[in-house]
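Okay, handing you the structure first.
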């Protein structure tokens with residue numbers, strides 16, 4: 001059997017294979033961020049489909065950090081019972097799930113939050129309205145919001161958590177010299193720009209204990225002028241390992257801004273897959289904690305190469321599972337044809353319309369077959 005189907009563990013979390021559902025925005029939560037039956041149903045489909053580890057959709061830790069409508073929330077205790085129904089359903093179907101914690105910072109949607117976005121540093125000419133630069137007191141509040149969210153996730157039965165510090169969201173804004181021009185201990189050197197991550201790590205450990213898996217998702221490169229470069233990203237990864245994070249998921253790009261976004265289109269042959277693999281190899285040579293690689297992986301052969309060649313320890317995908325939640329079971333059964341995802345990003349449009357993220361292309365194909 002392929003090494004992709006070997007069991008493994010990360011800080012005691014036993015996983016049945018090396019496949020990870022990378023977090024996305026499903027657009028299926030209630031308006032206030034509460035769980036819904038449809039979101040439970042979609043997540044259970046992933047567990048039944050054979051995904052080794054599900055990273056739940058990005059979840060805002062405070063109301064001011066919301067970036068999209070119908071985004072899952074973890075900012076109050078009242079959400080815990082509903083989230084417990086989600087984790088129970090996943091576990092009943094032999095799945096494992098961790099929660100991704102995020103704050104959107106400068107990209108927060110004012111029409112949803114009803115307040116000016118929090119920014120690491122004031123940025124003239126960026127955005128349409130007023131901004132509020134994060135103060136020392138705000139930073140204490142952010143650390144508390146992340147650690148409280150982690151504790152709620154633990155109480156709700158999640159198998160671990162992941163901090164979202166990629167794609168230009170708030171924690172990634174702290175890392176990026178484009179967004180972070182602070183003159184205090186949170187700005188300047190990469191050690192200072194990574195400081196809040198390490199402080200959040202310590203705060204979460206104080207709330208959840210050291211046996212609760214704690215991952216971080218980060219950019220290899222912002223792909224922006226004056227953004228986070230690969231060399232500093234690697235330095236940050238080493239700081240995160242030293243701080244006590246259990247695994248790193250490597251991605252890249254910045255939402256809304258970079259010409260090379262996180263979710264690239266037109267991935268129509270193997271040469272375009274795994275578009276962060278060169279960076280992953282650089283990271284693997286330096287860090288000693290597991291590396292999860294995301295970014296355009298569509299073929300079983302590519303996934304197997306990444307693992308066998310020591311480029312990554314785990315293979316993460318997102319859009320392929322929107323198209324085929326049972327992709328891993330299909331591959332395990334012996335049908336190794338590549339994912340049917342054509343990487344057109346059409347799946348996100350219905351989410352903005354209140355219908356949830358789903359594969360529009362598959363829907364069109366099914367209608368054509370039926371002659372509709």
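Can you pull out the residues in region 32-46 that are more than 17 Å from residue 331 (Cα to Cα) and either touching a strand residue (DSSP E or B) at 6+ places or on another chain (Cβ under 8 Å) or at pLDDT below 95 (or both)? Working first, answer last.
Our first condition is that a residue be more than 17 Å from residue 331 (Cα to Cα); within region 32-46, this holds for 32-44.
Result: 32, 33, 34, 43.
Taking region 325-339 as the search range and keeping residues that are over 22 Å from the mean Cα position of the chain (by Cα) and assigned to a loop (DSSP other than H, G, I, E, B), which one is surrounded by the most Cβ atoms within 10 Å (Cβ to Cβ)? Before you say what the answer is, go through the steps one by one.
Restricting attention to region 325-339, the residues satisfying the condition of being over 22 Å from the mean Cα position of the chain (by Cα) are 329-338.
Applying the additional criterion that residues be assigned to a loop (DSSP other than H, G, I, E, B) yields 334-338.
Values: 334: 6, 335: 10, 336: 13, 337: 10, 338: 19.
Out of the qualifying residues, it is 338.
From the set of residues in region 235-262 that are surrounded by 20 or more Cβ atoms within 10 Å (Cβ to Cβ) and either assigned to a helix (DSSP H, G or I) or in contact with a helix residue (DSSP H, G or I) (Cβ under 9 Å, 6 or more places away or on another chain) (or both), which is modelled with the lowest pLDDT?
In this case the residue turns out to be 254.
Here is a further query. Scan region 297-314 for residues that are surrounded by 24 or more Cβ atoms within 10 Å (Cβ to Cβ) and either at pLDDT below 95 or under 17 Å from the mean Cα position of the chain (by Cα) (or both) and report the count.
Final tally of qualifying residues: 3.
Follow-up. Only residues that are under 21 Å from residue 354 (Cα atoms) and either at pLDDT 95 or above or touching a strand residue (DSSP E or B) at 6+ places or on another chain (Cβ under 6 Å) (or both): list them for region 47-62, please.
Narrowing region 47-62 to residues under 21 Å from residue 354 (Cα atoms): 56-60.
Those that are under 21 Å from residue 354 (Cα atoms) and either at pLDDT 95 or above or touching a strand residue (DSSP E or B) at 6+ places or on another chain (Cβ under 6 Å) (or both): 56, 58, 59, 60.
Just the residues that are buried (at least 19 other Cβ atoms within 10 Å of the Cβ) and either in contact with a strand residue (DSSP E or B) (Cβ under 8 Å, 6 or more places away or on another chain) or touching a residue at least 60 places away in the same chain (Cβ under 8 Å) (or both), please, taken from region 209-222. Let's see the steps before the verdict.
Pass one, region 209-222, residues buried (at least 19 other Cβ atoms within 10 Å of the Cβ): 212-222.
Matches in region 209-222: 212, 213, 214, 215, 216, 217, 218, 219, 220, 222.
Sticking with this structure for a sec: For region 259-278, give me the residue count where each residue is over 25 Å from residue 56 (Cβ atoms) and touching a residue at least 24 places away in the same chain (Cβ under 8 Å).
Quick first cut of region 259-278, residues over 25 Å from residue 56 (Cβ atoms) only: 259-260, 266, 268-272, 277-278.
Still in the list and also touching a residue at least 24 places away in the same chain (Cβ under 8 Å): 259-260, 266, 268, 270, 272, 277.
Number of matching residues: 7.
Just the residues that are in a loop (DSSP other than H, G, I, E, B) and farther than 21 Å from residue 339 by Cα, please, taken from region 273-289.
The answer is 285, 286, 287, 288, 289.
Moving to a separate point now. Across region 123-144, which residue is farthest from residue 184 (Cα to Cα) among those that are in a helix (DSSP H, G or I) and touching a helix residue (DSSP H, G or I) at 6+ places or on another chain (Cβ under 8 Å)?
Across region 123-144, the extreme among qualifying residues is 144.
Now for a separate question. Just wondering, is there one or more residues in region 169-179 that are farther than 27 Å from residue 85 by Cα, more than 18 Å from the chain's Cα centre (by Cα) and either buried (at least 21 other Cβ atoms within 10 Å of the Cβ) or free of Cβ contacts under 8 Å to residues at least 24 places away in the same chain (or both)? Full working, then the answer.
Applying the first criterion (farther than 27 Å from residue 85 by Cα) to region 169-179 yields 169-179.
Add one more test, that the residue is more than 18 Å from the chain's Cα centre (by Cα), and what stays is 177-179.
Filter once more, keeping what is either buried (at least 21 other Cβ atoms within 10 Å of the Cβ) or free of Cβ contacts under 8 Å to residues at least 24 places away in the same chain (or both): 179.
So far as region 169-179 goes, yes, one or more of its residues are farther than 27 Å from residue 85 by Cα, more than 18 Å from the chain's Cα centre (by Cα) and either buried (at least 21 other Cβ atoms within 10 Å of the Cβ) or free of Cβ contacts under 8 Å to residues at least 24 places away in the same chain (or both).
Something else: What single numbered condition from (1) within 20 Å of the chain's Cα centre (by Cα); (2) surrounded by fewer than 23 Cβ atoms within 10 Å (Cβ to Cβ); (3) not in a loop (DSSP other than H, G, I, E, B) fails to hold for residue 292?
Evaluating residue 292 over (1) within 20 Å of the chain's Cα centre (by Cα); (2) surrounded by fewer than 23 Cβ atoms within 10 Å (Cβ to Cβ); (3) not in a loop (DSSP other than H, G, I, E, B) leaves (2) as the failure.
Table: residues versus (1) in contact (Cβ under 8 Å) with a residue 60 or more places away in the chain; (2) out of contact with any helix residue (DSSP H, G or I) (no Cβ under 7 Å at 6 or more places or on another chain); (3) surrounded by fewer than 17 Cβ atoms within 10 Å (Cβ to Cβ); (4) not in a helix (DSSP H, G or I).
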{"position": "47", "(1), (2), (3), (4)": "no, no, no, no"}
{"position": "54", "(1), (2), (3), (4)": "no, no, no, yes"}
{"position": "64", "(1), (2), (3), (4)": "no, no, no, no"}
{"position": "75", "(1), (2), (3), (4)": "yes, no, no, yes"}
{"position": "88", "(1), (2), (3), (4)": "yes, yes, yes, no"}
{"position": "91", "(1), (2), (3), (4)": "yes, yes, yes, no"}
{"position": "94", "(1), (2), (3), (4)": "yes, no, yes, yes"}
{"position": "98", "(1), (2), (3), (4)": "yes, yes, no, yes"}
{"position": "101", "(1), (2), (3), (4)": "yes, no, no, yes"}
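Next question, about the same structure. Being touching a helix residue (DSSP H, G or I) at 6+ places or on another chain (Cβ under 7 Å) and part of a loop (DSSP other than H, G, I, E, B) is the filter here, so list the residues in region 213-234 that pass it.
Applying the first criterion (touching a helix residue (DSSP H, G or I) at 6+ places or on another chain (Cβ under 7 Å)) to region 213-234 yields 214, 216, 218-221, 228, 230, 232, 234.
Result: 220, 221, 228.
I'd like to verify a number: residues in region 107-122 that are in a loop (DSSP other than H, G, I, E, B) and in contact with a strand residue (DSSP E or B) (Cβ under 9 Å, 6 or more places away or on another chain), how many?
Filtering region 107-122 down to residues in a loop (DSSP other than H, G, I, E, B) leaves 108-109, 114-117, 120-122.
When the remaining residues are screened for being in contact with a strand residue (DSSP E or B) (Cβ under 9 Å, 6 or more places away or on another chain), the result is 108, 115-117, 120-122.
So the count comes out to 7.
Another one. Can we say residue 13 is surrounded by 18 or more Cβ atoms within 10 Å (Cβ to Cβ) and either out of contact with any strand residue (DSSP E or B) (no Cβ under 7 Å at 6 or more places or on another chain) or without any contact (Cβ under 8 Å) to a residue 40 or more places away in the chain (or both)?
yes
Across region 111-127, which residue is modelled with the lowest pLDDT among those that are more than 14 Å from residue 138 (Cα to Cα) and surrounded by 15 or more Cβ atoms within 10 Å (Cβ to Cβ)?
Residues of region 111-127 that are more than 14 Å from residue 138 (Cα to Cα), as a first pass: 111-115, 122-127.
Keeping just the survivors that are surrounded by 15 or more Cβ atoms within 10 Å (Cβ to Cβ) gives 112-113, 123, 127.
Values: 112: 93, 113: 93, 123: 82, 127: 65.
Here the residue is 127.
The values are calculated or read from the model by the stated rules, or taken from the named source; none is laboratory data. It should be emphasised that the depicted structure is a prediction, and the values quoted were computed from it without experimental measurement. Glycine also receives a Cβ, built like all others from the backbone with ideal geometry; neighbour counts cover every protein chain displayed.
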